[in-house]
1. Rounded to the nearest 20 debye, what is the charge dipole size of the range 32-284 about its Cα centre when +1 sits on each Lys and Arg Cβ and -1 on each Asp and Glu Cβ?
2. Mind checking which aspartates and glutamates have their Cα closer than 19 Å to the Cα of Lys5? Skip sequence neighbours fewer than 8 apart in that chain.
3. So which GluC sites (Glu not before Pro) in the range 180-281 are both in a DSSP loop and have at most 13 other Cβ atoms within 10 Å of their Cβ?
4. Each label point is 7 Å from the Cα along the Cα-to-Cβ direction; what then is the distance between the points at Lys394 and Gln319, in nm?
5. Which of rounded, prolate, oblate describes the range 150-306, given a ≥ b ≥ c as roots of the alpha-carbon gyration tensor eigenvalues and a/c under 1.5 marking rounded, otherwise prolate only if a/b is larger than b/c?
6. Straight-line reach only, C-alpha to C-alpha below 16 angstrom: list the lysines that Lys391 could link to, leaving out same-chain residues fewer than 8 apart.
7. Excluding same-chain residues fewer than 8 positions from Lys232, which aspartates and glutamates have a Cα within less than 18 Å of its Cα?
8. Considering the options Ala255, Ala24, Gly44, tell which one lies farthest towards the positive end of the dipole of the chain, charges being +1 on Lys and Arg and -1 on Asp and Glu at the Cβ, about the Cα centre.
Amino acid sequence: MLELKKDFPVLTSNPNLVYLDSAASALRPQAVVDAMNDYYARYGVNVNRGIYDLSDYATIMYEKTREKVAEFLQAEIEEIIFTSGTTDGLNTLSRILEQKINPGDNIVVTRMEHHANLIPWQQLAKRKQAELRFIEITSNYELDLESTKKVIDERTKIVSVTAASNVLGTITPINEFTVLAHSVGALVIVDAAQLIPHGPINVKDIDCDFLVFSGHKLYGPTGVGVLYGKKKLLEELEPVAFGGDMISRVSYESASWAELPHKFEPGTPPIAEVIGLGTALDYLRQIGWNNIQAHEQELVNYVLEKLPEVATIIGPANQVTRTATFSFIIPNTHPHDIGDILNRDQIAVRVGHHCAMPLIQHLGLVGTTRAAFGIYNSTDDVDALIEGIKKVKKILLNEYL
Ligand SMILES: Cc1ncc(COP(=O)(O)O)c(C=O)c1O
């Protein structure tokens, strides 16, 4: 197993913390904190506009991250747009793609979307008198491919799906969606917020049209995210946010746009955060994605062995189609009480609807407790969770296990 706790200052500052909330935000290694401090301390000036050395240097450091992200996704450099996060990327897409939707068209999402990949499409459908359709979930908490075939038809313009559920841990078969969606001429958008910490995603292989993720789920800073789009599409689409840096020429009457990727990056970007994201990618590459995936698999296997002894997992029991994010319930207890009691032993979990309220209602639940494991977690953390749950059951249910 990897032993990385020493690299993460939040964990060294809180030695008894059992951090199981990486699906909300992964912690950052010291290298990321140092890279951001270095920017502010040594060359903290604006990018893309100075003719002086320091601004050139800041621009080079900023653009280096774009190259690293492009390599990580197997994309072209111009296809990488920096955003403030997944939510920002999806909202932007729902506005730039509005021009492609007509009354009577439909947009397809799944029943397991985070609010960030539901509400922008729900609102777009309302604005354009289009229909919002849903891919169903099977009894094993995976996506139902039969229902996918039923909802995607010749009026489908957009299929926007999560690559991995933040509630269930399910990894979804993106390739199946792209083949089906492209056969009717629809665009495919991938919400990769939860899949991205598990390794590089080859956008050419999965053939998605757009893909979004956030830096803070990838052991990087908050406030930065990535929107990948196929060059041809980004070239033909009109921007929806305007200002400095994204223009070519401006008069009082009109404006024309800069080349990609700047056309979709108006205003001063989150420079320190972009640089921090590049450092996070370097850090992960140095550890090795194979090692990260093996570590995660070991954790998944161990949780699947131990957690069912004390709680009911709401998510796939299949090691292959899931991430290390585990929602669970304990009958006759409330998730808030579980989280509260676990917190007394410094076990940090998330409770509630996890920004997927319709999914939780669809499953007939009030909420779940979610333990999401990251590269710094060990089987000891799983044991701590299991002991914590036993304590919860003793307190709330008078159960002695
Ligand atoms: C699947 C999924 N999509 C979107 C988001 C939104 O990400 P952000 O809050 O970084 O914009 C999250 C965050 O939890 C998520 O898990």
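Since every read-out is calculated from the coordinates, none of them should be taken as a lab result. Note that the coordinates shown come from a computational prediction; the quantities given were computed from them, not determined experimentally. No Cβ is skipped: glycine too gets one built from the backbone with ideal geometry, and neighbour counts run over all protein chains shown.
1. Numbers: 23 positive and 35 negative charges, 113 e Å.
The calculated dipole for the range 32-284 is roughly 540 debye.
2. Asp21, Asp34, Asp282, Glu296, Glu298, Asp345, Asp380, Asp381, Asp383
3. Qualifying residues, ordered by number: Glu253, Glu259.
4. Here the answer is 3.1 nm between the modelled labels.
5. Note, shape of the range 150-306 comes out oblate.
6. Lys306
7. Once the sequence-local aspartates and glutamates are set aside, what remains near Lys232 is Glu76, Glu78, Glu79, Glu98, Asp205, Asp207, Asp209, Glu259, Glu265.
8. Ala24
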